[in-house]
Structures are given as C-alpha cells and as structure tokens.
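Notes for the one structure printed next.
The values are calculated or read from the model by the stated rules, or taken from the named source; none is laboratory data. These figures come from a predicted structure and were not determined experimentally. A quick note on method: Cβ atoms are made from the backbone with ideal geometry, for glycine too, and the neighbour counts reach across all protein chains shown.
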C-alpha cells in the first residue's frame, strides 16, 4: 500500500541530480501551453469597458466579435494539437526519468505516429469530463479522478483507444480516488507559498509534483498488472535512455 510520504520520497530520489533538467522541461511545456496566467477579470468588470463598447458602431462590434471567435478557435486548436500531447509527453518524460536521466526531447516524443490517436483520446477524455461538470457537476468530478491515469496510459501505449484508455484508468483508480485527492491536498502548503510569490514559485514546484504523480501512476500500474487488469503486452513499460542527451 502506498502512502503520500512514500511517493514523495521516491519522487525526490528520482529528481536527485535531474531536478534542473526536469525544471527546464516543465518550463518549456508551461511556455508552450500558456502556463503564465494573467487575470484580466478586473478589466472585464471595469465600467470603462462597457462605456467603450457602447460607443462603438455596429460594424466595429461585429469585427471585434469575428476576431474574438478567431482567437478562440486558434486557442482551442493550439490546446488540442499541441498542449494536450505535450502533457502526455511530460508524463512519459517523468516515467522514464524514474529509471535514468532522460533527454528533454522525450517531451516531444508523442509528435509522431500515432500522434493523431493521442490527440483524439486527449480531446475526448476532458470533453466528457467537461460535459459532466457543466451538466451535473458531481459526475464531472468523479470522471476527473476516474480518468486521471489516461495521459500516463497514452504515454506508455499511444495506440490505446479512447474507450480502453478510459476503462483501464477507471479500473486503476477504483478505491484510489480519495487517496489521490489527499495526495493533491498534501501539496497545498507549497501551492500557497507559490501564490505568495505571484506564481513564480509554481515553476519550481511543478517538477516535484509531476515526479510524485509519476510515482502514483507506477503504483497504480503495478496494482493493475498484479490484478490482471492489463498485461505487459498492453503496457510495455518505458524505455531507458543510456545517454542523458538534451
């Protein structure tokens, strides 16, 4: 039986001598995925925005709307075809890094055959979760934890279908959802410290949390194999890199 402290100790050991490589890998993913968040809500709620929009002629409002829609579409495509696969690549990076120094190029290992399958599964899984959150909330929260292992499963076997990835993740997470929630809560103190640094500290925290969640997947994977939920043919493990590379 795993514990939070055990996973964190394993994560720290996996990061020993590899932290800065992992840091730069996570930093690259954050930059490409829009990791830096700026809160624009104060502008939206400002009275001057409403007054400004009221003074615009109709054609200007329509033009603004068109550009807004274009921006939304571009952002959605960026997330679907770049950010989501990168999240899978990051999972693979940290799973490989548990065994030996791993090149940062592992982050981009998913941008090859079967790249489109990774895109499809990575799109449909959060889509189902989002629908559950919007319509019923509770099913969305349940599915969030049920399908938490999908990115790791794709990192190990990018040929998995959407149905199989969801099914296997759900079986892995059976009886583990609350414990996984507690694992998230165990980082609350570090997250609060990151907030105090205006989010800068989060860049230094992500390698630690990512390595810990990789340890969690390793525990779930071992349990699934022991219970016959999957096989080594379906989950063939992660390749070790003999040379550190970049």
Of the listed residues (58, 153, 64, 68), the one being more than 12 Å from the chain's Cα centre (by Cα) and closer than 22 Å to residue 169 by Cβ is 153
When residues of region 205-237 are filtered for being over 19 Å from residue 179 (Cα atoms), in a helix (DSSP H, G or I) and over 16 Å from the mean Cα position of the chain (by Cα), how many remain? 2
Tell me, which helices (runs of 4 or more DSSP H) lie completely within region 129-187 with 2 or more residues that are in contact with a helix residue (DSSP H, G or I) (Cβ under 8 Å, 6 or more places away or on another chain) and surrounded by 21 or more Cβ atoms within 10 Å (Cβ to Cβ)? 138-146, 150-156, 162-172
Residue 60 over 14 Å from residue 157 (Cα atoms), loosely packed, with under 12 Cβ neighbours inside 10 Å and modelled with pLDDT of 90 or more: no
Tell me whether region 195-202 contains one or more residues that are within 16 Å of the chain's Cα centre (by Cα) and surrounded by fewer than 16 Cβ atoms within 10 Å (Cβ to Cβ). no
Checking residue 103 against (1) closer than 21 Å to residue 166 by Cβ; (2) touching a residue at least 60 places away in the same chain (Cβ under 8 Å), the condition it does not meet: (1)
Check on residue 38, modelled with pLDDT under 95, touching a helix residue (DSSP H, G or I) at 6+ places or on another chain (Cβ under 7 Å) and either within 30 Å of residue 219 (Cβ to Cβ) or surrounded by fewer than 11 Cβ atoms within 10 Å (Cβ to Cβ) (or both): no
Please pick out the residue among 28, 70 that is over 22 Å from residue 217 (Cα atoms), in contact with a helix residue (DSSP H, G or I) (Cβ under 8 Å, 6 or more places away or on another chain), assigned to a helix (DSSP H, G or I) and modelled with pLDDT of 80 or more. 28
What are the residues in region 104-125 that are out of contact with any helix residue (DSSP H, G or I) (no Cβ under 7 Å at 6 or more places or on another chain) and surrounded by 17 or more Cβ atoms within 10 Å (Cβ to Cβ), if any? 117
